[in-house]
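Colleague: Take this structure, written in structure tokens, and hold onto it; I'll ask about it next.
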Amino acid sequence: MPFNPKDRIVFIGDSITDKGRKKDPLKLGNGYVRMLHDYLTVELPSHSLKIINEGVSGNRVIDLEKRWRMDVLDHHPQWISISIGINDVWRQLDSPDADQVYPERFEAVYRNMLEQTKQLPDCRLILMQPTVIKEYTDSTGNSLLKPYVNIVNRLADEYDAILVRTHEAFIEFLECETGKDLTTDGVHMTTLGDSLMASAWIKALSHVNQQ
């Protein structure tokens, strides 16, 4: 894995990243961030990586922007892993009268955060595609999600970020029709869903290590 011994990695996102971190003594929660912490601890026992979980339940990209300075930049991380986009779409479905974050606004706000990150020397970005909304590939939520996935792909290329193909991994799994649930409600992860997220993240970072 492409980490130096004392690197700090900030994970930021919504409830999928949060996963009960405030109730956890290590402040990591019990989701994919915790799985990655444990994996990296086992794989890199000589390192003292600092894993910081800054997920907040219900967040959209506009919420990340408001706390970007305090919850990301002020940590002075060497790595920033971003997972956002599900609530930007989900609010369109469950709260249609709310102020919405449509793709153009999503991209503008996301880009502004990435621009601010240029203040940090030697900081690498890890952009995770938003996962899924309902566990069938042609759901309304997944159709609405496609432009957001494309935006994350494009920004990863533009900012030389590591792209974690989370959405693609979930769609591929669903197409296998295993009958096993990745989510508890179409959005929030089961342990299997968290494992798939962690696996996609590791694959993306391992690929970088091989370059």
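The values are calculated or read from the model by the stated rules, or taken from the named source; none is laboratory data. Since we're looking at a predicted model, the values are computed, not measured. When we count neighbours, we look across all protein chains shown, and the Cβ atoms used for this are built from the backbone with ideal geometry, even at glycine.
Colleague: Just the residues that are surrounded by fewer than 21 Cβ atoms within 10 Å (Cβ to Cβ), touching a helix residue (DSSP H, G or I) at 6+ places or on another chain (Cβ under 7 Å) and in a helix (DSSP H, G or I), please, taken from the range 91-108.
Modeller: From the range 91-108, those surrounded by fewer than 21 Cβ atoms within 10 Å (Cβ to Cβ) are 91-100, 102-105, 107-108; that's our starting set.
Of the ones still in play, those that are also touching a helix residue (DSSP H, G or I) at 6+ places or on another chain (Cβ under 7 Å) are 92-93, 98, 100, 103, 107.
Residues satisfying the conditions are GLN92, LEU93, PRO103, GLU107.
Colleague: Quick one: which of SER57, SER81 is on the phi < 0 side of the Ramachandran plot, of a type in the set (Ser, Thr, Tyr) and either in contact with a helix residue (DSSP H, G or I) (Cβ under 6 Å, 6 or more places away or on another chain) or in a loop (DSSP other than H, G, I, E, B) (or both)?
Modeller: On the way: SER81 fails: either in contact with a helix residue (DSSP H, G or I) (Cβ under 6 Å, 6 or more places away or on another chain) or in a loop (DSSP other than H, G, I, E, B) (or both).
Exactly one of SER57, SER81 is on the phi < 0 side of the Ramachandran plot, of a type in the set (Ser, Thr, Tyr) and either in contact with a helix residue (DSSP H, G or I) (Cβ under 6 Å, 6 or more places away or on another chain) or in a loop (DSSP other than H, G, I, E, B) (or both), namely SER57.
Colleague: Against the condition of a type in the set (D, E, K, R), over 19 Å from GLN78 (Cα atoms), touching a Leu at 6+ places or on another chain (Cβ under 8 Å) and assigned to a helix (DSSP H, G or I), how does GLU135 come out, does it pass? Step through it out loud before you land on a result.
Modeller: On the way: of a type in the set (D, E, K, R): yes; over 19 Å from GLN78 (Cα atoms): yes; touching a Leu at 6+ places or on another chain (Cβ under 8 Å): yes; assigned to a helix (DSSP H, G or I): no.
When the stated conditions are applied, GLU135 does not pass them.
Colleague: Being closer than 28 Å to HIS207 by Cβ, among the aliphatic types (A, V, I, L, M), part of a loop (DSSP other than H, G, I, E, B) and touching a helix residue (DSSP H, G or I) at 6+ places or on another chain (Cβ under 9 Å) is the requirement here; does LEU28 meet it?
Modeller: On the way: closer than 28 Å to HIS207 by Cβ: yes; among the aliphatic types (A, V, I, L, M): yes; part of a loop (DSSP other than H, G, I, E, B): yes; touching a helix residue (DSSP H, G or I) at 6+ places or on another chain (Cβ under 9 Å): yes.
For LEU28, the condition - closer than 28 Å to HIS207 by Cβ, among the aliphatic types (A, V, I, L, M), part of a loop (DSSP other than H, G, I, E, B) and touching a helix residue (DSSP H, G or I) at 6+ places or on another chain (Cβ under 9 Å) - is met.
Rundown of residues vs (1) closer than 30 Å to ASP7 by Cα; (2) at pLDDT below 95, yes/no style:
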{"position": "ALA98", "(1), (2)": "no, yes"}
{"position": "PHE106", "(1), (2)": "yes, no"}
{"position": "ARG111", "(1), (2)": "yes, no"}
{"position": "ASP122", "(1), (2)": "yes, yes"}
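Colleague: Return the residues of the range 86-114 that are touching a residue at least 24 places away in the same chain (Cβ under 8 Å), of a type in the set (Asp, Glu) and more than 17 Å from GLY186 (Cα to Cα); say none if nothing qualifies.
Modeller: Residue satisfying the conditions is GLU107 alone.
Colleague: Going residue by residue through the range 6-15, is there one that turns out to be modelled with pLDDT of 95 or more, in a helix (DSSP H, G or I) and under 27 Å from LEU155 (Cα atoms)? Steps first, answer last, please.
Modeller: Start the filter on the range 6-15 by keeping residues that are modelled with pLDDT of 95 or more, which leaves 6-15.
Narrowing the set further to residues that are in a helix (DSSP H, G or I) leaves 15.
Subset that is under 27 Å from LEU155 (Cα atoms): 15.
Within the range 6-15, one or more residues are modelled with pLDDT of 95 or more, in a helix (DSSP H, G or I) and under 27 Å from LEU155 (Cα atoms).
Each row is one residue, and each column tells you yes or no for (1) closer than 18 Å to ASN87 by Cα; (2) touching a Ser or Thr at 6+ places or on another chain (Cβ under 9 Å).
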| site | (1), (2) |
| --- | --- |
| TYR110 | yes, no |
| LYS118 | no, no |
| ILE126 | no, yes |
| THR140 | yes, no |
| LEU144 | yes, no |
| ASP157 | no, no |
| LEU163 | no, no |
| ASP181 | no, yes |
| ASP185 | yes, no |
